[in-house]
Protein chains: 2
Amino acid sequence: MCDVVPCETDVGPVGMMKMYGNWRSAAAFRVRIALKLKGLAYEETFIDLDAGDQHAPEFRKINPQGAVPALFDGDGPPLTQSLAILDYLEETKGGVPLLPADPRERARARSLAQLVACDTHPLYVPRVRNYLMEAYDLPKERMMGFVRHAFETGLKTLETRLSTEDGTGRFSQGDAVSHADLCLVSLWVGTAIFGVETAPYPTVARIAETCLALPAFAEAHPKRQPGAPAA
Amino acid sequence: MCDVVPCETDVGPVGMMKMYGNWRSAAAFRVRIALKLKGLAYEETFIDLDAGDQHAPEFRKINPQGAVPALFDGDGPPLTQSLAILDYLEETKGGVPLLPADPRERARARSLAQLVACDTHPLYVPRVRNYLMEAYDLPKERMMGFVRHAFETGLKTLETRLSTEDGTGRFSQGDAVSHADLCLVSLWVGTAIFGVETAPYPTVARIAETCLALPAFAEAHPKRQPGAPAA
């Protein structure tokens, strides 16, 4: 287990970090998994995205983008953007590494992560869905075609790469969890929320299920956070 | 000049890298700037995105996503996703550093870069524009409202952060060029291509103009690449 989840002997004493997140946010989910895999103490404040609390002036002072996650580590200014936070944790904290040591393997793990975090997830966030419905007067069901197309395009490329590239192992990059898996799983759990068919993506499914069987991923899962619907 | 452009004494002998790009691609532009700033020898093959050459089977073998850039460095498999390529160059090549040494400053530079490369640029790429026009039967001018909204949302956040956060200096993060500037400039040159008003973003404008006055940025500019319109 020590290769994917932190063992007590690996993790030194750390200060309490403070994160602003949301049960449903794919980006907050990625960071939550990393914090748990690295055994880092943190507390999370849940911002109600449906109520628009991310646009409140107090939160805009924390993140002018009005988006979660934002992470406070000590007295410094807030850290924002999930992939930047993951790299920061990698560069400054102990615990299990979440990027390979080899530069080419790191580049592949990051490329797979960015396929999700840059080219897929930003297309279906609330601000985009709301804009489409309002500017083009689309009923929700027609707008959802755009969301499903984004998921399907991302998942199809991910499946092709993971099922054909030599780098794939038990996880997206080799046999250890990396940023690629955190992003993959954050996309995967969205398929249930948005009603996206998953049968065409068996390799993505295998890796997602392998990850979600690990305690850190299971505990970080959106449905186990405050605010998540009971069903 | 040595703080932002490579001096010969900083750069050792390097092999010729091969990049697949396009004159107009914001993501290829970022990588092209980094290669030039670091003084790395490369040749670029220009993929005709308007003709759909990115979807040709031969190119899908290089990048199953059907997107540029893709970079070959020696005999390894192609490197994809612009930010992953920038980190790879940072970790493996000589030349001027394009990330600060301090982890918090690195995190801020990366966060600013990702505000553009994750949350803004992916919203206006050809595959999204084409989907909106086809699926929702939108004439081009109405679809362009979505593109301008994406630009304006990204630029507004960027302006707020750069004009209020302590980390801003001559460039986005302090007084040296970083990944944040490569992304900022790649967004900025798009405002002319897509007809986006720039007056509300004076800090972004100042940094973009400072960057574009440097030879590496000027030489990497979309309008100076093969395939760019003469006007």
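Every number here is computed from the coordinates shown, using simple stated rules; none is lab data. Quick caveat: nothing in here was measured; it's all calculated off a predicted structure. Because the Cβ atoms are built from the backbone with ideal geometry, glycine has one as well, and the counts that use them run over all protein chains shown.
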**Q.** Centre separation in Å (Cα based) which lies between segment B:160-208 and segment A:182-224
**A.** 36 Å
Q: Tell me the distances, shortest first, between B:Asp102 and the same position across the other copies, using label points 7 Å along Cα→Cβ, in nm to one decimal.
A: 3.6
Q) What is the diffusion coefficient of the protein assembly as shown in µm²/s, taking the Kirkwood radius over Cα pairs and the Stokes-Einstein relation at 25 °C with a viscosity of 0.890 mPa s? A) 109 µm²/s
(Q) Using helices alone, I'd like the mean residue ellipticity at 222 nm for chain B: each DSSP H run of four-plus residues gives -39500 (n - 2.57), total over residue count, nearest 500. (A) -15000 deg cm²/dmol
Q.
Run the reach check for A:Lys61 against lysines, Cα to Cα strictly under 23 Å, same-chain hits fewer than 8 apart removed. What comes back?
A. A:Lys18, B:Lys156
Q) Using the Karplus equation 6.51 cos²θ - 1.76 cosθ + 1.60 (θ = phi - 60°), what ³J(HN,Hα) coupling, rounded to whole Hz, does each residue of segment A:218-224 give in order, writing x for Gly and Pro? A) 5, 5, 7, 4, x, 5, 9
**Q.** Axis-nearest residue in chain B [Cβ, rotation onto A], distance in whole Å
**A.** B:Cys118, 2
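Please work out the FRET efficiency for the pair A:Glu209 and A:Asp166, using the Cβ-Cβ distance as r and a Förster radius of 25 Å; give the result to the nearest 0.05.
0.70
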Q) Kirkwood hydrodynamic radius for segment B:8-92: how many Å is it when counted over pairs of different Cα atoms? A) 13.2 Å
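Compute the whole-percent fraction of alpha carbon pairs in segment B:103-224 spaced more than 22 Å apart. Present the calculation step by step, with values, prior to reporting the outcome.
Values: 2630 of 7381 pairs.
So the portion of pairs separated by more than 22 Å is 36 percent.
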**Q.** Partner chain coverage, peptide A:154-164 - average Cβ within 10 angstrom
**A.** 2
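With +1 on the Cβ of every Lys and Arg and -1 on the Cβ of every Asp and Glu, and nothing else charged, how large is the dipole of segment B:103-224 about its Cα centre, in debye rounded to the nearest 20?
Using Cβ point charges on Lys, Arg, Asp and Glu, segment B:103-224 gives about 180 debye.
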Q) Copy-to-copy spacing for A:Asp137, label 7 Å out on the Cα-to-C-beta vector, in nm, shortest first? A) 1.3
